[in-house]
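In what follows, a single structure is set out as structure tokens and then discussed.
The values are calculated or read from the model by the stated rules, or taken from the named source; none is laboratory data. Quick caveat: nothing in here was measured; it's all calculated off a predicted structure. Virtual Cβ from ideal backbone geometry, glycine too; neighbours counted across all protein chains shown.
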Amino acid sequence: MKSTLIVGIGASLLTAGIAKAQQRQDITPRTPNVLFIYADDLGYGDLECYDGTQVKTPNINRLAKNGIRFTNAHATASTSTPSRYSMLTGEYAWRRPGTDIAAGNAGMIIRPERYTIADMFKNAGYATAAIGKWHLGLGDKAGEQDWNAPLPTALGDLGFDYSYIMAATADRVPCVFIENGQTTIRTPRSMSVTRRTFPESRPEKIIRNYYTTRSLVSGTTNPS
């Protein structure tokens, strides 16, 4: 039985799939599902479980209560593109030119030949997916993407079985959602919950898209 990796990135989720328990008994040991929630501009004291008082964060509080709450953590960078690059590749962004804050139409910064955390989980038998803000470039060359056609290089080249992302941020063009390397148009209501099914060899997954760090933290399902 395949498990799932989910990576959440500032108003988004990067996933390696959420495995649904099968009805039959498995004779092989189960590996855990993995979820990364990667949030932009979220301070240590913003969450109630870290004594924050300005915003209600019941869902994050529940995660903290039922899991492990760390009190000493470090980031490789204070901005989105370099910190995402480091998380996915395991390399300090300052070692790689071109990993500062990317333009909305930047070419793919992580090249397809680069081994990523998604490749690692996939090789271990996980189903992988990325949901939400990407901001690491798409396509082969900057400024030459045809956003109305399938992108020549996208997250499928980096170890992700499924992706539903924004190219960069909501204030940078292109302001579109991209599913598996192809621009798609949906209303906010239809995008609040996306249900997908992997082939028989992959687990079923249900992925909830969150549009802002606020909605992720507070538990609202639609953008305000």
Matching residues, segment 75-132, being farther than 15 Å from Ala39 by Cα, touching a residue at least 12 places away in the same chain (Cβ under 8 Å) and among the small types (Gly, Ala, Ser): Gly90, Ala93, Ala102, Ala103, Gly104, Ala106, Gly107, Ala118, Ala124, Gly125, Ala127, Ala129
Selected residue (criterion: nearest to Glu91 (Cα to Cα)) from residues of segment 55-80 that are crowded, with 17+ Cβ neighbours inside 10 Å and among the aliphatic types (A, V, I, L, M): Ala77
Cβ pairs under 6 Å, 6+ apart, first in segment 57-72 and closer than 16 Å to Phe36 by Cβ and without any contact (Cβ under 8 Å) to a residue 40 or more places away in the chain, second in a helix (DSSP H, G or I) and not polar (S, T, N, Q): Ala64/Cys49
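Please count how many residues of segment 66-105 are in a loop (DSSP other than H, G, I, E, B) and of a type in the set (S, T, N, Q).
Number of matching residues: 7.
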Some residue of segment 136-147 being of a type outside the set (Lys, Arg), out of contact with any strand residue (DSSP E or B) (no Cβ under 8 Å at 6 or more places or on another chain), crowded, with 23+ Cβ neighbours inside 10 Å and free of Cβ contacts under 8 Å to residues at least 40 places away in the same chain: yes
Of all residues in segment 18-60 being in a strand (DSSP E or B) and of a type in the set (Val, Ile, Thr), the one that is modelled with the lowest pLDDT: Ile37
Residue in segment 9-17 that is closer than 24 Å to Ile131 by Cα, at pLDDT 90 or above and not in a loop (DSSP other than H, G, I, E, B) present: no
Qualifying positions in segment 27-54 - exposed (fewer than 14 other Cβ atoms within 10 Å of the Cβ) and touching a helix residue (DSSP H, G or I) at 6+ places or on another chain (Cβ under 8 Å): Asp41, Tyr44, Asp51, Gln54
Some residue of segment 111-126 being buried (at least 23 other Cβ atoms within 10 Å of the Cβ), touching a Lys or Arg at 6+ places or on another chain (Cβ under 8 Å) and modelled with pLDDT under 95: yes
Selection status of Tyr92, modelled with pLDDT of 90 or more and closer than 30 Å to Arg30 by Cα: no
